[in-house]
Amino acid sequence: MTTQTVENTVTEADKAAIAALPQRIVEAWAAHDADAFAEAFTPDGSMIIPGVFQKGREAIRAFMAQAFEGPFKGTRVVGTPADLRFANSESGILITQGGILAPGEDEPSAERAVNASWVVVKREGRWFLAAYQNSPRNVA
């Protein structure tokens, strides 16, 4: 199947729903809502951030609940879609640029700026994260 064929089977509504996934994460993080954060993932989804690997919605929820009370307390995140590609009409890859904002910041500092890969899948008519991974944007 060519990219052209795949693109023709993906609706504008699907593209908008995928592009909205980062905003769901931004809003959940701003509210320090581990449940809402985890609900963006499939039940068996995975999250890789520097020094952390979590697999499964419940593990992601538990990690984020602890992190919102500890190292992520008072922080926010930003993420802007930079690229979107599809494997088929029910899966794709979203690339974003963003990072963690410390209190009072409007842009992530160089040490907290990231590039991220989001493997997205459509399940029962909704788009979810099957896998999320980020890497520092500015390597020392």
* To do: Specify which labelled value, from (1) -0.55, -0.92, -1.23, -1.33; (2) -0.60, -0.89, -1.12, -1.20; (3) -0.95, -1.14, -1.17, -1.18, agrees with log10 I(q)/I(0) by the Debye sum over Cα atoms at q = 0.13, 0.17, 0.20, 0.21 Å⁻¹ derived from the coordinates of the model shown.
  => (1)
* Rough spin-label spacing in nm, given labels placed 7 Å along Cα→Cβ, for Glu69 and Ala36 -> 2.0
* **Charge dipole (debye, nearest 20) of the chain; +1 at Cβ of Lys and Arg, -1 at Cβ of Asp and Glu** => 220
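No value in this document is a laboratory result; all are computed from the given coordinates. In this text, all values refer to a predicted model and were calculated from it rather than measured experimentally. A quick note on method: Cβ atoms are made from the backbone with ideal geometry, for glycine too, and the neighbour counts reach across all protein chains shown.
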